[in-house]
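So the structure is just underneath, and the comments pick up after that.
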Amino acid sequence: MDAIVLAGGFAKRLWPLTKELPKPLLPVAGKPIIEYILENLDGIEDLDKIYISINQKFEPHFKEWSKGVKLGKELEIVVEPATCENDKMGAVGALGFLIRQKEICSDLLVVAGDNLFDFDIKKFITGKDNGFPVVALYDMEKKERIKKKYGVVVLDEKNMIKELHEKPEKPVSTIISTGCYFFPKKAVEMIHEYLSVGNNPDAPGFFISWLTKRLAVQGFVFDGESKWFDIGSVESYEEAKKIYEEKN
């Protein structure tokens, strides 16, 4: 199994903080967001290699940062040819690009590079033994906290995903996708099919919604003791910094 950290966005909602610095390299309690993700991935025994998907504009920043990174896994940075918001590939587009470039044909663990979480990702990937794609989920408890912000999920009695709505105006549940996915090989191959017919290449929720109509997709809800932040605004970034600084 390989892992891909998606870190190719331009994060305009966080300007000016991210105008000259990529969001995954923003510091939280003394280290960049992405290092929390990598430390979590580094503990997965079955993981062979970690790829980081970035854009061309921030290539120098990531290359300089990577010189000081120490991991037990092999790490490779892959650059998509995008220098501004207007020519970005989108998250699924970048995922497909990297899979083609590196000819990946294994199971994949995919994590959004602006995800900050303290749950043990090893618990999440236990679902891979069933052969299903798995999406990490989190219960936000109040619908007013999530409308037009996240992918909202409806589960059946076996925790299989019945519906996924990307950033709906009226959420049908309080369960959201956290931007952490396990794709078995058969689902990885379907990413190319999804993109080849002109589907939305941006938010992964669109791909998951499409995938649920073709494969059984499992949801894995982390318990309320876990902390999870989507660093999508200055407010969420400041909240994450405060909590992690207190924790440390």
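Each reported figure results from applying straightforward, stated rules to the coordinates on display, with no laboratory input. In this text, all values refer to a predicted model and were calculated from it rather than measured experimentally. Using ideal geometry, Cβ is built from the backbone for each residue, glycine included, and neighbour counts are taken over all protein chains shown.
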Checklist outcome for this item: With the first residue restricted to segment 8-37 and required to be of a type in the set (Gly, Ala, Ser), and the second required to be part of a loop (DSSP other than H, G, I, E, B) and surrounded by fewer than 16 Cβ atoms within 10 Å (Cβ to Cβ), Cβ contacts under 7 Å at 6 or more apart or on different chains are 29/248
Checklist entry - Just checking, which of 125, 77, 99, 104 is outside any strand (DSSP E or B), under 19 Å from residue 40 (Cα atoms) and out of contact with any Leu (no Cβ under 6 Å at 6 or more places or on another chain)? => result 125
Checklist outcome for this item: Note: among 136, 187, just one is surrounded by 20 or more Cβ atoms within 10 Å (Cβ to Cβ), of a type in the set (Gly, Ala, Ser) and in a helix (DSSP H, G or I), namely 187
Checklist entry - Among 237, 194, 244, which is farther than 30 Å from residue 30 by Cα, in a helix (DSSP H, G or I) and either in contact with a helix residue (DSSP H, G or I) (Cβ under 9 Å, 6 or more places away or on another chain) or of a type in the set (Lys, Arg) (or both)? => result 194
Checklist entry - Would a scan of segment 44-55 turn up a residue that is in contact with a Ser or Thr (Cβ under 9 Å, 6 or more places away or on another chain), in a loop (DSSP other than H, G, I, E, B) and within 22 Å of residue 208 (Cα to Cα)? => result no
Checklist entry - Only one of 155, 116 is over 27 Å from residue 22 (Cα atoms) and either surrounded by 13 or more Cβ atoms within 10 Å (Cβ to Cβ) or out of contact with any Leu (no Cβ under 9 Å at 6 or more places or on another chain) (or both); which? => result 155
Checklist entry - Among the candidates 205, 219, which residue alone is of a type in the set (Gly, Ala, Ser), touching a residue at least 60 places away in the same chain (Cβ under 8 Å) and crowded, with 20+ Cβ neighbours inside 10 Å? => result 219
Next on the checklist: Out of 66, 106, I need the residue that is more than 23 Å from residue 231 (Cα to Cα), surrounded by fewer than 22 Cβ atoms within 10 Å (Cβ to Cβ) and of a type in the set (Ser, Thr, Tyr). Which one?
Outcome noted: 106
